[in-house]
1. Sort the stretch 246-337 into rounded, prolate or oblate with this rule: let a ≥ b ≥ c be the square roots of the eigenvalues of the Cα gyration tensor; rounded if a/c is under 1.5, and if a/c is not under 1.5, prolate when a/b is larger than b/c, oblate otherwise.
2. Which one, Leu212, Ile246, Pro427, is farthest towards the positive end of the dipole of the chain when Lys and Arg carry +1 and Asp and Glu -1 on their Cβ?
3. Using per-residue counts of other Cβ atoms within 10 Å, averaged over each peptide, order 128-137, 79-88, 155-164, 185-194 from highest down.
4. Could you list Ser48, Ser210 so that the one with the fewest beta carbons within 10 Å of its beta carbon is first and the one with the most is last?
5. Can you sort His452, His76, His59 by how many other beta carbons sit within 10 Å, fewest first?
6. Relative contact order (percent) for the stretch 162-430, with alpha-carbon contacts under 8 angstrom and 6 or more residues of separation?
7. Can you give the relative contact order of the chain as a percent, counting alpha carbon pairs under 8 Å and 6+ residues apart?
8. Could you calculate the contour length gain from Thr259 to His76, that is, 0.36 nm times the residue separation minus the distance between their Cα atoms, to one decimal place in nm?
Amino acid sequence: MRHSVGDEHRASNRARAARAVFRASSRGVRIYLSFSLNCLLGIALFMSVACAFYISPVHYLMDGQFSLLMDEALIHEWTPNMIRYQVPRGHGDIFVNDGYPWQIRIIRGRLLYVYPWGSPLLSLPAVAVFNADGFKIAPHRSRYKYSWSNELRMQILITTAICALTIWVAYIASDYFLPFGWSLTVALAAALGTPIWSSASRSLWPQAWSVLLMMIAILILLSGSIRPFILGTVLAWSCLTRPTLIPQVAAITLYMLVTYDHRFLWRYIAGGLCSAIPVCALMFLFTGGLFSVAYPLVLFDFPHEFWLRLYGLLLSPSRGLLVFSPVFLIPVYLVIRYWKVLPERCLAVLALAAIGMHFLVLSSYSCWWAGAYGPRLMLEVVPWFVLLAILGIRAFVEDRSLSFMPRLLITSVAAFTLAISIATNAPGALVRNAGGWRSVDQDHLDVLWDWHDPQFLCWIRRSEK
């Protein structure tokens, strides 16, 4: 029996179609397995970092104290007014507001939290879950008596989750541009070699939420799939947690205006306003201010002592960013070295502008030195240095003209600065006297310049004493 030419042609087409389906299926399986592996590795990273943050022994209550009590008041009393609760009162350095601690104040007859309300509002769902399980800061059975130990335990759980999630987002952002090994390195460097470990994960500072939100915004910008409404919402909440981020958000807005279609900009602005207007209106109704009554403009006195403060923010032995995290020099070097071939150069310009503006704001702030350990006020630049690291390492990895020895030298210097960064940040999380190593206030700023007793050597001083 003979087959016609048409039959052979159809059989050949069916065979090619079958091979194409097989290749497509194999490719789909590989993509699925790769995606599943990345998810598993991301979960493992999140759990590992969360465990490290949680078991680090140093935890304390600072500016975020009473923020979760405000959440309980909102949940059970439908008001941010905490006047019904039995909070501590006394005399001394911390009881500065009519006998109340510095974090709360009587305003218009109400006892209110004075720092920005973005952080407590974002923590509200977690507090609701804890309360539903019977875990409360001021239980009804104790006649609403405030328990600082309960708030500390609740803050430890919340900050651990926030900071671990920040590192996971940094890993996901790195994975868009870098191989797995480099992505993991960038994430772990952000986790252990920056103030995220020594400050943000130690207490529910407002920066804990703001760093996470800014890291999410950078992930959206890197992903190449811009969701303007979501991006605007994320950035609005970052300003509601830390008003000092407003200049950075303005820079991102300018980037959006220059880079994307105007239709994107309107959705971006709408997302921001939908979050900002209700929260600012609520704060204005209760406190008379849009963001916070804890940051009066008189604290910003540019250009008084501007250069001295800038030097302190960079190189003070107890507050200098480059003293506690010299690893930040590596992404700056890589970005400068590979500027002409740098991927997403516009994002690098945005990162450098955001970092510069944050230095400008803090150098104009009379309390630039504030914080329990190290450069806590510089936390907001960590996501931008992560972005620079991603772009710089991508160019470094793709540089085929670099011989073995220069590549080894750069990698060795990076590893050395990372080791120093981990060593200088570790006392903030591991040594209990790190925060109170010496008295720091407006009358004792000389200790910030003392290289004979820097804060990162507090563990040695403790052994000597």
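1. Numbers: a/c = 2.76, a/b = 1.28, b/c = 2.16.
Here the stretch 246-337 falls in the oblate category.
2. Leu212
3. Numbers: 128-137: 15.2, 79-88: 17.3, 155-164: 21.6, 185-194: 24.5.
Ranking the peptides 128-137, 79-88, 155-164, 185-194 by packing returns 185-194, 155-164, 79-88, 128-137.
4. Values: Ser48 14, Ser210 28.
Least to most surrounded, the residues fall as Ser48, Ser210.
5. Numbers: His452 6, His76 14, His59 19.
Listing His452, His76, His59 from fewest to most nearby Cβ atoms yields His452, His76, His59.
6. Numbers: 368 pairs, mean separation 74.7, N = 269.
In percent, rounded to a whole number, it is 28.
7. Working: 646 pairs, mean separation 78.5, N = 465.
About 17 percent, as a whole number.
8. Values: separation 183, 0.36 × 183 = 65.88 nm, distance 4.58 nm.
Length gained between Thr259 and His76: 61.3 nm.
Bear in mind these aren't lab numbers, they're just calculated from the coordinates by the rules spelled out. Remember, predicted model here, so these are calculated numbers, not experimental data. Methodologically, a virtual Cβ is constructed for each residue, glycine included, from the backbone with ideal geometry; neighbour enumeration extends over all protein chains shown.
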